[in-house]
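The values are calculated or read from the model by the stated rules, or taken from the named source; none is laboratory data. All of these numbers come straight from a predicted model, not from anything done at the bench. All Cβ positions, even for glycine, are placed from backbone atoms using ideal geometry, and neighbour counts span all protein chains on display.
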Amino acid sequence: MNHRVLPLLWLLLAASPVLEASQVSLNGYYEGEFVADKGRTPTPWNLWNPKNYFELKFTIHPYSHLEAFTSLNLLSNANDARLYLNQFHLSLKTSRSEALLFSREDRFWMDSPLLHLIQTDRARDDNWGPKAEGFRGDFWNLAGFFGTGILYKFRTFRGEGYMARLGRNFGPQNYLAWVYLKKDWHVGPPPTYNEVTALQGQWHLGGATYFRLEAARSLHPQVRLAEPDPAWRLGSLDLRNWAVEAEIRYLTWHHFKLAGSVFAYGPNFTDEFSNRFNPSFDHEFDRRGFYAEAIYLLPYRAVNLIYKTRRFRTRYQHPVMLDHAYTTWWNYGEIYAEFIGGVNAKVSLDSWKDNLGTWNHFLFEVIGENRAMRVKLQYMIKDIGVNTHGREVEYSLGQRHLFGTELRVNLTPSLQFYGRAAWGLGTFRTWESVFFQLAYRRFQNTEVFLEYGEPGQTDGNLVQDWDFSDNPYVKPVDRLKVLVKFWF
C-alpha cells in the first residue's frame, strides 16, 4: 500500500458531508526534552539538542460501525523540524468481525503460547516505533470458528509480510488453530523469504489443568545443518526444520502446582517474526529437552516455594554447529514470603551449566511498601567461584557482588521522588550507577520530571540488568534532563 494513499483516504473522509452528523474527537500530546550534560564539549553542562514533540489525534465515527483515526506530528530538535502524518487506521467493526486499514500502528499480535512464533517488535518493522502499513481482518464466534489475516508492506526496506491464523473452538476452553507466516524480502539467493506453518491446540483436562501443543515447520535460505542427521528423524520425517513443544499446566494436588513441557527445536528452524528462533536475537536452534516447574504454597502462610528446571541437548553454539552435542541444564529455586506491614522478601539461587562451565548466581531481595513510600533492596552474587584467583576464564568477569536499592517517596500529594542506585564489587574493579527523578503532577494532565543520571543502566530490575551486572566500566553519568508532558 502506497504511504500517500492513507492520508488521501483520510482527507476524502474528512471532506464528506456525513461529518456534520459524526462523532468527532480531538486529543493531543506534547513532550519537551531538555538535556544538559557535564561531558559535553567544548562547554560543560551545555544544553544539548532540545527536543519538542507535539501530536494531534483525530478520531471520527461517521457511521455506527466505522472509525477513522490519524495523528499529525511535529518533531523539532536543534538540527531541524518536521511535520508529518504519523499513525492512521480506518476500521469497520461488527459484533463478530473487524476489518482494518492501518499505517505505522502495532497491529500484529497473534497467539502462540508455547513457541512464541509472533512477537510484535519483530513483525511491525520497528525503527523507533512501528513503520509497517497494510490490512488486518479478524472474525470470532462464527459457527465456532475464529481467524485473523494480515497483509502489509515494510517501510524501512523492500518487502512484504503475510500472517494468518484460522481456528475452531470446541467448547469455551478447547481449540485447534492453523498459523501461516511469511516474510518476503525479494533479494539474495532463493528462497528470498521465510515461511512458517504451524498447528496449535489446547485441551482442558479439568480444574486448572490444560494440555497444549504447538508444532511448526519453516523454510528459510539459511541452512545450519545440511546433512541428514539420525537424531532429527522420526521415521521418514526429517525434523531439521521443525519446532515442536507440548505442555501440561497446571497439575494441582493439595498445595502443589506442577507444570512441564517437552520440546524439540530443529537446527534449521528459523522464524524472523520471533526473537526465539531469529539468528539476530535469541537463536534457540537445535534443542531437544524438557522444562518443569513446581510450586508449593505453604498452608496458612504467605510463603511460596518455587523450583524450575530446563535441560536440553544441542550442538549449536552461536553462530556455529559443533561436532558433538553437549548438555545444557538450568536450575532455579526460590523462596518468596509476604509479611505483615507490606513487606515481602525473596531468596533465589539459579545455576546454568553448559559446555563452557557452570554459572551459579544468588539473589536476595526485600521490598517494603506503604501509601507514602516503596523501598527495594537487592544483593546478588553472580558467577559464584569464577575467576576468584585471576583471569582463569576469559569470557567471564568472574565472581562479583552486586548491591542495588530503589526508593519511591510521595513528598507531597503532587511531588514524588524516585531513585535507584547500584554498586558492583568485582575481582579486578568496582563500579556504580545512579539515577534520580523528581516528578511534579500539580496540574491536571501535566507531568514535569527532573532527572539525573542514565536510566538505561539499571532499568532491567536493578542488579539483574545486564547493562550493569556484566559491564564493570559502567559509571554515573553527569546528565540533567527536564521532561515536560502534557495531554488533552
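Quick check on ARG82: is it out of contact with any helix residue (DSSP H, G or I) (no Cβ under 6 Å at 6 or more places or on another chain), basic (Lys, Arg) and at pLDDT 95 or above?
Details: out of contact with any helix residue (DSSP H, G or I) (no Cβ under 6 Å at 6 or more places or on another chain): yes; basic (Lys, Arg): yes; at pLDDT 95 or above: no.
No: the conditions fail for ARG82.
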Unique match (being in contact with a Gly (Cβ under 8 Å, 6 or more places away or on another chain), touching a residue at least 24 places away in the same chain (Cβ under 8 Å) and more than 29 Å from GLY207 (Cβ to Cβ)) among LYS131, LYS153: LYS153
Of those in the range 416-445 that are over 25 Å from VAL386 (Cα atoms) and polar (S, T, N, Q), the residue surrounded by the fewest Cβ atoms within 10 Å (Cβ to Cβ) is GLN444
Under 7 Å between Cβ atoms, which residue pairs at least 6 apart in sequence (or on different chains) link something in the range 24-53 that is at pLDDT 90 or above with a partner that is not in a strand (DSSP E or B)? ASN27/PHE488; GLY28/PHE488; ALA36/TRP45; LYS51/ASN77
Specify which of the listed residues (ASN370, ASN360) is surrounded by fewer than 16 Cβ atoms within 10 Å (Cβ to Cβ) and polar (S, T, N, Q). ASN370
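How about the range 20-55: which of its residues are at negative phi, outside any strand (DSSP E or B) and surrounded by fewer than 15 Cβ atoms within 10 Å (Cβ to Cβ)? Give the steps one after another, and end with the answer.
Taking the range 20-55 first, the residues at negative phi are 20-44, 46-48, 50-55.
Next cut, outside any strand (DSSP E or B) only: 20-22, 38-44.
GLU20, ALA21, LYS38, GLY39, THR41, PRO42, THR43, PRO44 - these are the residues of the range 20-55 that are at negative phi, outside any strand (DSSP E or B) and surrounded by fewer than 15 Cβ atoms within 10 Å (Cβ to Cβ).
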Would you mind telling me which numbered condition in (1) in contact with an Asp or Glu (Cβ under 7 Å, 6 or more places away or on another chain); (2) in the same structural domain as PRO62 (by TED's automatic domain parsing); (3) surrounded by fewer than 17 Cβ atoms within 10 Å (Cβ to Cβ); (4) of a type outside the set (Gly, Ala, Ser) HIS89 fails? (3)
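Taking the condition of being of a type in the set (A, V, I, L, M) and over 25 Å from the mean Cα position of the chain (by Cα), how many residues in the range 415-457 meet it?
Here is the first cut: in the range 415-457, the ones of a type in the set (A, V, I, L, M) are 415, 421-422, 425, 434, 438-439, 448, 450.
Narrowing the set further to residues that are over 25 Å from the mean Cα position of the chain (by Cα) leaves 415, 425, 438-439, 448, 450.
Count: 6.
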Considering the range 276-316 alone, what residues qualify as being of a type in the set (S, T, N, Q) and surrounded by 15 or more Cβ atoms within 10 Å (Cβ to Cβ)? ASN278, ASN304, THR309, THR314
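Check whether at least one residue in the range 320-339 is assigned to a loop (DSSP other than H, G, I, E, B) and either basic (Lys, Arg) or surrounded by fewer than 14 Cβ atoms within 10 Å (Cβ to Cβ) (or both), and report yes or no. Step through it out loud before you land on a result.
Here is the first cut: in the range 320-339, the ones assigned to a loop (DSSP other than H, G, I, E, B) are none.
The answer is no, given that none of the residues of the range 320-339 is assigned to a loop (DSSP other than H, G, I, E, B) and either basic (Lys, Arg) or surrounded by fewer than 14 Cβ atoms within 10 Å (Cβ to Cβ) (or both).
Across the range 465-482, what is the number of residues that are of a type in the set (S, T, N, Q) and modelled with pLDDT under 95? It would help to see each step written out before you state the result.
Here is the first cut: in the range 465-482, the residues of a type in the set (S, T, N, Q) are 469, 471.
Then drop every residue that is not modelled with pLDDT under 95, which leaves 471.
Of the residues in the range 465-482, 1 are of a type in the set (S, T, N, Q) and modelled with pLDDT under 95.
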For LEU92: the one exception among (1) closer than 28 Å to ASN275 by Cα; (2) at pLDDT 95 or above; (3) over 21 Å from the mean Cα position of the chain (by Cα): (1)
Top-ranked residue of the range 119-133 - restricted to ones that are at pLDDT 90 or above and either in contact with a strand residue (DSSP E or B) (Cβ under 7 Å, 6 or more places away or on another chain) or hydrophobic (A, V, I, L, M, F, W, C) (or both), ranked as farthest from LYS183 (Cα to Cα): GLU133
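Given the options ASN268, ASN275, name the one that is in contact with a Lys or Arg (Cβ under 6 Å, 6 or more places away or on another chain) and among the polar types (S, T, N, Q). It would help to see each step written out before you state the result.
On the way: ASN275 fails: in contact with a Lys or Arg (Cβ under 6 Å, 6 or more places away or on another chain).
None of the other options fit; the residue is ASN268.
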Only one of (1) in contact (Cβ under 8 Å) with a residue 40 or more places away in the chain; (2) out of contact with any Ser or Thr (no Cβ under 9 Å at 6 or more places or on another chain); (3) hydroxyl-bearing (Ser, Thr, Tyr); (4) within 30 Å of PHE108 (Cβ to Cβ) fails for TYR296. Which number is that? (4)
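So, GLU195, is that one under 17 Å from GLY266 (Cβ atoms), of a type in the set (Asp, Glu) and not in a strand (DSSP E or B) or not?
Numbers: under 17 Å from GLY266 (Cβ atoms): yes; of a type in the set (Asp, Glu): yes; not in a strand (DSSP E or B): no.
No.
If you take the residues in the range 62-72 that are in a strand (DSSP E or B) and under 15 Å from ALA99 (Cα atoms), which one is nearest to the chain's Cα centre (by Cα)?
Residues of the range 62-72 that are in a strand (DSSP E or B), as a first pass: 62-63, 66-72.
Filter again for under 15 Å from ALA99 (Cα atoms), leaving 63, 66-69.
Details: TYR63: 36, LEU66: 31, GLU67: 29, ALA68: 29, PHE69: 26 Å.
Looking at residues that are in a strand (DSSP E or B) and under 15 Å from ALA99 (Cα atoms), I get PHE69.
Being among the aromatic types (Phe, Trp, Tyr) and free of Cβ contacts under 8 Å to residues at least 40 places away in the same chain is the filter here; which residues of the range 265-280 pass it? Please lay out each step first, then the result.
Step one: of the range 265-280, the residues among the aromatic types (Phe, Trp, Tyr) are 265, 269, 273, 277.
If the condition is that a residue be among the aromatic types (Phe, Trp, Tyr) and free of Cβ contacts under 8 Å to residues at least 40 places away in the same chain, then TYR265 is the only one that fits.
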Going by what's in this entry, would ASP138 be described as closer than 19 Å to VAL179 by Cβ, modelled with pLDDT of 95 or more and of a type in the set (Asp, Glu)? yes
At pLDDT below 90 and either loosely packed, with under 14 Cβ neighbours inside 10 Å or under 21 Å from ARG158 (Cα atoms) (or both) - does that describe any residue in the range 56-64? yes
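Here is a yes/no grid of residues against (1) modelled with pLDDT of 95 or more; (2) under 26 Å from the mean Cα position of the chain (by Cα):
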{"position": "GLU334", "(1), (2)": "yes, yes"}
{"position": "ALA337", "(1), (2)": "yes, no"}
{"position": "ASP350", "(1), (2)": "yes, yes"}
{"position": "THR358", "(1), (2)": "no, no"}
{"position": "LEU363", "(1), (2)": "yes, yes"}
{"position": "GLU369", "(1), (2)": "yes, no"}
{"position": "ARG374", "(1), (2)": "yes, yes"}
